[in-house]
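Colleague: Got a structure for you, written out below as structure tokens; questions coming shortly.
Throughout, read-outs are computed from the coordinates displayed, never taken from laboratory work. Nothing here was measured: the structure is a model prediction, and the numbers come from that model. In this analysis, Cβ positions are derived from the backbone assuming ideal geometry, glycine residues included, and neighbour counts consider all displayed protein chains.
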Amino acid sequence: LSGYDCDSDPCQNGGVCRIFEGGGYVCDCPPETTGVNCDIDIINECDSNPCMHPEATCQNKIGDYICYCPPRHVGKNCEIFDRSAPGGIGRAIRPQQDFSSYHARDLEKQRQQCLRNNCPSKRGNIRCDEECNTYACDFDGNDCSLGINPWVNCTAPTKCWEVFMDGTCNEDCNNPQCLFDGRDCEKNLQACNPIYDEYCQKHYANGYCDNWCNNAEC
């Protein structure tokens, strides 16, 4: 209690001030605070690990938290990958696809080609249609991979299937679950033996081990 009344707005963080019958005032504090003036935080919002990137840092606030994101990540929880982001305080934003970018335009062209190849009607026909076995064509309904989506275990913040084999190393995708970014991160990789190249491409991830294809080049 204090000898002052509520005219000075003593209650902080959303607390409601009431005149105390015996003189002074009392603050009715919100659930996450305590103290005479509701100035003590009793809940650490960072305990739930809200920041989604492993390199992000969480700072507790009364009734809230702040994620400090590493470069190339934005969003309230650093959950959005953005190549141009410098990092810093994470703020809630709505991700927007940049249709002016090369990859977005190229993906749209591939999807139009899928329609021309009549891929939607071929999807899931238990037959591998090579012209439809791409990300843009939904991998022919997984007909070419024994019904397994090759990206099902890829949890990188980058959409690795959109930058797969684009000639640029995307470290987020350079792992077995994301198919090593299509080998974009390897340097001076020799070409696959031309005798096996076409065969290995057609039989990639078909559930069988072909020894002549079991190397980095192929």
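Colleague: Springs between alpha-carbon atoms under 10 Å, Gaussian network over the chain: tell me which of T34, T134, T155 tops the mean-square fluctuations.
Modeller: Between T34, T134, T155, it is T34 that shows the largest mean-square fluctuation.
Colleague: How far is helix 102-116 tilted, in degrees, relative to the longest principal axis of the Cα atoms in the chain, given as a value from 0 to 90 rounded to the nearest 10?
Modeller: Helix 102-116 sits roughly 50 degrees off the main axis of the chain.
Colleague: Still on this structure, I have one more. So what are the ³J(HN,Hα) numbers for the stretch 9-17, from phi and the Karplus equation (6.51, -1.76, 1.60; θ = phi - 60°), rounded to whole Hz, Gly and Pro as x?
Modeller: 6, x, 7, 9, 6, x, x, 10, 8
Colleague: Oh, and also: Read phi for every residue in the stretch 119-131 and hand back ³J(HN,Hα) as whole Hz from Karplus 6.51 cos²θ - 1.76 cosθ + 1.60, θ = phi - 60°, with x for Gly and Pro.
Modeller: 5, x, 7, 8, 5, x, 8, 6, 9, 7, 9, 4, 5
Colleague: What net charge is computed for the residues neighbouring V26, neighbours being all others with C-beta under 12 Å from the C-beta of V26, Lys and Arg scored +1, Asp and Glu -1?
Modeller: Charge balance in the 12 Å sphere: -2.
Colleague: Once a ≥ b ≥ c are taken as the square roots of the eigenvalues of the Cα gyration tensor of the chain, is the result rounded (a/c under 1.5), prolate (a/b larger than b/c) or oblate (a/b not larger than b/c)?
Modeller: Here the chain falls in the prolate category.
Colleague: Straight-line reach from K61: which lysines have Cα under 29 Å away, leaving out those fewer than 8 places along the same chain?
Modeller: The qualifying lysines are K76.
Colleague: Below 12 angstrom from the Cβ of C200, what's the summed charge of the other residues (Lys, Arg +1; Asp, Glu -1)?
Modeller: Result for the neighbourhood of C200: -3.
Colleague: Order of F139, F20 from fewest to most other C-beta atoms within 10 Å?
Modeller: By the 10 Å Cβ count, ascending, the order reads F20, F139.
Colleague: Within 12 Å, Cβ to Cβ, of G141, how many net charges do the neighbouring residues add up to if Lys/Arg are +1 and Asp/Glu are -1?
Modeller: Net of charged neighbours comes to -1.
Colleague: Shifting gears a bit: What Cys residues in the chain have no fellow cysteine's beta-carbon under 4.7 angstrom?
Modeller: That list is C209.
Colleague: To continue, here is another question. Using a cut-off of under 13 Å, list every residue of the stretch 41-55 whose amide N is near the label point 7 Å from the Cα of Y68 along the Cα-to-beta-carbon line.
Modeller: From the stretch 41-55, the list is 55.
Colleague: Another question, if that's okay. Between D5 and D41, what FRET efficiency comes out of the Förster formula 1/(1 + (r/R0)^6) with R0 = 41 Å and r the beta carbon distance, rounded to 0.05?
Modeller: According to the calculation, E is roughly 0.95.
Colleague: Then there is this: With each label point set 7 Å from Cα along the Cα-Cβ vector, what nm distance links N117 and K202?
Modeller: 1.5
Colleague: A follow-up question, please. What residues qualify as long-range amide H neighbours of T33, i.e. H under 5 Å apart, gap of 5 or more or another chain, H built at 1.01 Å from N?
Modeller: Excluding prolines and chain starts, which carry no amide H, the hits are I42.
Colleague: Looking at A156, H203, G75, which one has the Cα that reaches farthest to the positive end of the dipole of the chain (charges on Cβ: Lys, Arg +1; Asp, Glu -1)?
Modeller: So the residue furthest toward the plus end is H203.
Colleague: Among H73, H203, H53, which one moves the most in a GNM of the chain with springs linking Cα atoms closer than 10 Å?
Modeller: H203
Colleague: Sticking with this structure for a sec: Scanning the chain for GluC sites (Glu not before Pro) in DSSP loops with at most 14 other Cβ atoms within 10 Å, what's the longest stretch left with none?
Modeller: 56-185
Colleague: For a quick check, take a GNM of the chain with Cα springs below 10 Å and name the residue from Q112, Q177, Q12 with the largest mean-square fluctuation.
Modeller: Most flexible of the set in this elastic network: Q12.
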